[in-house]
Each structure stands twice: as structure tokens, then as C-alpha cells.
1. Helix by helix, which DSSP H runs in the chain go 27 Å or more along their axis at the Cα atoms and have an average Kyte-Doolittle hydropathy of -1.0 or more?
2. Which entry in (i) 27, 23, 22; (ii) 35, 21, 18; (iii) 32, 22, 19 is this structure's computed semi-axes √(5λ) of the Cα gyration tensor in Å?
3. Want the number for ASP254 to VAL189: 0.36 nm per residue separation, take away the alpha-carbon distance, what's left?
4. At 222 nm, what helix-only mean residue ellipticity would the chain give, in deg cm²/dmol to the nearest 500, using -39500 (n - 2.57) for each DSSP H run of four or more?
5. Most mobile of GLU195, GLU58, GLU147 per a Gaussian network model of the chain (Cα springs, under 10 Å)?
6. At q = 0.16, 0.18, 0.24 Å⁻¹, what is the log10 ratio I(q)/I(0) for segment 108-180, with the Debye formula run over Cα points and no solvent?
7. For ILE133 and ILE181, FRET efficiency with R0 = 22 Å and r from the beta-carbon atoms, rounded to 0.05?
8. What is the sum of charges around ALA129, taking Lys and Arg as +1, Asp and Glu as -1, for the other residues whose C-beta is under 14 Å from the C-beta of ALA129?
Amino acid sequence: MLDLILIVLPVFLVVGAGYLTVWTGLFSDDGVDALMTFTQKFAIPALLFGAISTLDLEQNFDWPLLVSFYTGSLVSFILGLLGARFLFARPWPDSVAIGFAALFANTVLLGLPVMQSAYGLAALGPSFAIVSIHAAFCYFLGITTMETLTAASRNPLRVLATVARAMFRNALMIGVGLGFIVNLSGVAVPGVATEAVDLMARAALPVALFGLGGVLVRYRPEGDAKIIAYICALSLMLHPAIAYTMGRVVIGIDDAQLRGAVVTAAMAPGINTYVFANMYGVAKRVAASAVLVGTALSVITASFWLYILP
């Protein structure tokens with residue numbers, strides 16, 4: 001088990017370095033914002049574009065793989081929503097945001113680095129297939145549910161417009177979409193452009209991890225301990241457990257796909273959970289605290305799932 005912790009620890013040490021430098025004032029909040037803008041709007045979209053445009057879709061974009069991962073996502077969302085409402089007596093809008101926190105795993109900033117650290121760059125194909133539709137799936141589910149449970153939900157066109165705005169303004173989705181266009185069309189990207197994209201993509205994960213640590217300084221785990229623990233249990237244990245059961249027992253995917261599904265599912269709630277909560281002005285403290293606490297716990301839980309996997 002110690003060996004497995006040592007595999008994932010470098011990823012979290014980079015996060016910790018970002019946290020420590022901002023917390024001690026060696027790196028400014030404005031600098032962190034600039035890093036995250038660079039990674040989320042440019043470097044990570046470039047990474048996803050390069051990966052999706054060259055991905056063997058027939059081999060990696062496999063429906064049993066996606067069903068294994070997203071069944072757990074859906075169940076975690078439903079249990080997070082209903083648990084927040086009926087176990088913790090939160091209002092419906094709060095409950096949707098809390099369900100979204102259990103739904104939205106940090107597939108890119110944590111999932112990809114942990115997979116690469118544990119299994120190597122060549123093992124990222126299944127993870128990229130999952131990531132390619134992750135934001136679309138989560139935002140569509142979260143926004144549709146939120147709009148349906150509010151007074152504004154009377155107008156279905158508003159729901160579609162809100163979902164569309166969230167999708168087409170998301171730089172990650174733009175990178176993924178362009179990658180699919182290039183992949184499916186067979187358009188040859190000039191070599192000089194490919195080199196430029198690869199150069200930017202190589203900076204994406206380490207810079208994003210450092211920036212993530214800096215962002216986490218802003219999130220203070222204040223109150224709501226029980227519901228934060230509930231979110232972390234769904235995100236870090238139930239979601240990967242469902243992915244493992246679906247992939248290993250129910251559907252039967254190969255070992256490489258099983259690793260991609262389970263490790264990606266085992267990641268803490270992503271920063272987008274706070275973005276979603278802030279979009280509607282509900283459960284912001286719970287979402288922020290779940291990101292911070294879940295990221296810290298991921299060192300142990302990710303190691304546990306690596307131990308379980310073949």
C-alpha cells in the first residue's frame with residue numbers, strides 16, 4: 001500500500017506546493033488566477049484537442065467503458081441530491097448543487113495525472129474517452145435538474161438555452177469538439193501546428209496542479225462537516241465502487257479500461273462544483289469545502305483503488 005501511495009504522492013505534492021506558496025504569500029492570488037486561466041482556457045484545451053484528434057476512437061471510445069463510469073456518476077448525483085434534501089433538510093436548489101458536487105469528479109486536473117503516474121502515458125486512452133463527454137454530461141444533468149426544480153423551469157426553451165450557453169462557453173468542450181472534428185474528418189493538421197499544440201499541452205497538467213493548490217487556499221472547511229463527509233463518501237468510494245462493479249462484474253471491460261474508469265471515478269470533486277454552485281448562488285461553502293477536503297483525502301483513497309485494481 002505504501003508503494004501505491006508513493007505512486008500518487010508526487011501529483012499531490014505539486015498541489016501541496018501550490019497551496020503552500022500561496023498560503024505563505026510567496027505566490028499571489030492574481031498569479032494563481034493567471035495560471036488557472038492559462039491552463040483552463042488554453043493549455044488543457046490544447047491537451048484535450050491533441051489527445052482526442054489522434055485518439056483511436058474505435059478502440060477507446062467504447063460504450064461499456066462509458067456506461068461503467070457514468071452509471072456511478074448518475075447514482076452519486078441522485079444520492080447526493082436526495083440525501084441533501086431528506087437526510088440534511090437542505091432546500092432543493094442547495095440539494096442540486098450538493099448532488100453536482102458528488103457528480104463532478106476532477107477528471108482532468110487530478111484524474112489524468114494520477115493515471116499517468118500510476119500506469120504511464122500510454123494508458124490514458126480510456127481516460128480521454130471519459131473526459132471527452134464529462135463536462136457535457138455533468139452540466140447537462142445539473143443544469144436541467146436545477147432549472148426543472150426552480151420556478152423558471154416552466155419554460156423548456158430556457159433550460160436548453162442555459163445548457164447550450166454552459167457548453168459552448170466552456171473552453172474544454174471547445175477543445176474536445178475540435179478534436180473530434182479533426183479525428184472524424186481525417187483533416188491533416190500541419191506539423192508546425194501539431195508541435196505548437198503539443199508544446200502547450202506539455203505544460204497543462206503540472207501547471208494546473210500547482211494552480212489547483214493555490215486555488216484551494218481560498219476554500220475553508222467551515223461547518224457542514226456531515227454533509228461534506230457525505231459528498232466525499234459518494235465521490236471517493238461509491239462512484240469508483242460502482243464503476244468497478246459495472247466494469248468487472250456486470251459488463252466485463254478489459255483491465256486497461258477498468259483502470260481508466262475506476263481511477264477517474266475515484267477523484268475528488270472538481271473546481272467546477274464550486275463554479276456550478278456559484279452560478280446559482282447556493283451551497284457555495286459546502287461545494288468549496290468538499291473540493292478541499294476531497295482533494296486531501298484522495299491521496300489515501302486513490303491509493304486504495306490502485307491496490308484493488310488488477
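1. 2-23, 63-86, 125-148, 191-216, 284-308
2. (i)
3. Values: separation 65, 0.36 × 65 = 23.40 nm, distance 3.18 nm.
So the chain would gain 20.2 nm between ASP254 and VAL189.
4. Working: 16 runs with 230 residues, N = 310.
Helix contribution divided over all residues of the chain: -24000 deg cm²/dmol.
5. Most flexible of the set in this elastic network: GLU58.
6. Log10 of I(q)/I(0), two decimals: -0.66, -0.76, -1.02.
7. FRET efficiency, ILE181 to ILE133: 0.90.
8. -3
Just so you know, all these numbers are worked out from the coordinates, no wet-lab data involved. Note that the structure is predicted; figures quoted are calculated from it, not measured. So basically every Cβ, Gly included, is an ideal-geometry build from the backbone, and we count neighbours across all protein chains shown.
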